[in-house]
Amino acid sequence: MANDNDLASFDPRASIQRFYDAENAFCSAEQDQKDIQIMLNELAPDIVVEVPASLPHGGIWRGHQGFKDLFDEVTKHFQEFVVVYNGAKWHQVDDGRILTKGTLRAVLSANGQHIEMDVVSLFTFTDRGLSHLEHYYKDTAAIVLAGKA
């Protein structure tokens, strides 16, 4: 988004939907078919992603390289990782933030354990795109324990 006209026509909800669609396509693709660039197109260059530190892919991930590193960790720990979002569960917090609720459906690589739980994500936008993303999982301990089963 280079100028004010771009920002005026920018639709954060459409950006989020493109991001989610690209995330799910990336996670379900064969290793040699994964294209993270589609997700990166929705992100500001200095994106910050916060994932609960207790998760195998937890931590604070910064910039496009940090985002790529995050998804390296996700694909290492999960053989399947899909988040299903319902557009009716999206809430405009203010001009620059949208809160979404979805359901994580995942399978752990270590042991094939299935995970299904609610995830809430807070998206913050600037004129450069998605600049901050915070994920809140309903029960991070359940994911960690399933990985040890």
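The values are calculated or read from the model by the stated rules, or taken from the named source; none is laboratory data. Everything numeric here is computed off the predicted structure, so don't read it as measured data. Please note: Cβ atoms are built from the backbone with ideal geometry, for glycine as well, and neighbour counts cover all protein chains shown. All accessible areas refer to the heavy atoms of the entire protein, side chains included, with ligands and DNA or RNA removed. Shrake-Rupley method; radii C 1.70, N 1.55, O 1.52, S 1.80 Å.
Find out how many positive minus negative residues lie around residue 28, taking Lys and Arg as positive, Asp and Glu as negative, among other residues whose Cβ is under 15 Å from that of residue 28.
Taking every other residue near residue 28 into account, the sum is -4.
So what's the net charge close to residue 108: Lys and Arg +1, Asp and Glu -1, counting the other residues with Cβ under 14 Å from its Cβ?
0
Determine the calculated [θ] at 222 nm for the chain from helices alone, applying -39500 (n - 2.57) to every DSSP H run no shorter than 4 residues and normalising by the residue count; nearest 500 deg cm²/dmol.
It comes out at -10000 deg cm²/dmol, rounded to the nearest 500.
For percent of Cα pairs over 26 Å apart, which listed value, (1) 26; (2) 22; (3) 43, comes from the coordinates shown?
The listed entry that was calculated here is (2).
Please report, as a whole percent, how much of the solvent-accessible surface of the chain comes from carbon and sulfur atoms (probe radius 1.4 Å).
Summing carbon and sulfur atoms, their accessible area is 48 percent of the total for the chain.
With a sphere of radius 10 Å drawn around the Cβ of residue 39, what net charge do the other residues whose Cβ falls strictly inside it have (Lys, Arg +1; Asp, Glu -1)?
Combined, the nearby Lys, Arg, Asp and Glu give -2.
With all protein chains present and a 1.4 Å probe, how do 61, 90 order by accessible area, largest first?
Sorted descending by solvent-accessible area, the residues read 61, 90.
Pop the C-beta distance of residue 101 and residue 50 into the FRET formula with R0 = 22 Å and round what comes out to the nearest 0.05.
So the FRET efficiency works out to roughly 0.85.
How much accessible area does residue 101 have with a 1.4 Å probe, in Å² rounded to the nearest 10?
Spelled out: residue 101, probe radius 1.4 Å, area about 80 Å².
Of all beta bridges DSSP finds with both residues in segment 29-146, what is the antiparallel percent, to the nearest 5?
Taking every DSSP beta bridge within segment 29-146, about 90 percent pair in antiparallel fashion.
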